[in-house]
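K.L.:
My questions will all concern the structure given below.
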Amino acid sequence: MVTITLYCPHCQSDALVRNGHAPNGKQLYRCRTCGRQSRETPTPHAYPQDRRDEIQLDTVVRETPNVRVSHANVLLLRGMQDLVAAICG
């Protein structure tokens, strides 16, 4: 029988116990040392980089006090963001 030892991605401890399943059916583990929860093979980011940039822009626009921004202006800002990214590399 082959035994695979899993390590906590947060504290590198091997004191992991099974702790239910994620909504996608993957096994969840909880670390007895630091108490944090993770999966066996976690993905580094839930969204691709362009989607994360879009979410961040929407958040900044929404949280800016005393500024009303129309949907058309948000689309314009997104276009400028793409232009700046293309120019700056």
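K.L.:
Exactly which trypsin sites (Lys or Arg not before Pro) in segment 23-54 are in a DSSP loop and have at most 15 other Cβ atoms within 10 Å?
P.N.:
Here the sparse-neighbourhood loop sites are K26, R32, R36.
K.L.:
Something else now. Tell me whether segment 1-42 comes out rounded, prolate or oblate; compute the Cα gyration tensor, take square roots of the eigenvalues as a ≥ b ≥ c, and use a/c under 1.5 as the rounded threshold.
P.N.:
oblate
K.L.:
Spin-label point model (7 Å from Cα, Cβ direction): what's the C34 to Y47 distance in nm?
P.N.:
2.5 nm
K.L.:
Describe numerically, in nm with one decimal, the distance between label points set 7 Å from Cα along Cα→Cβ at K26 and at Q12.
P.N.:
2.3 nm
Every read-out reported here was derived from the displayed coordinates using simple, explicitly stated rules and does not represent laboratory data. What you see is a predicted model, and the numbers here were worked out from it, not measured in a lab. Every residue, glycine among them, receives a Cβ derived from its backbone with ideal geometry; neighbour counts consider all protein chains shown.
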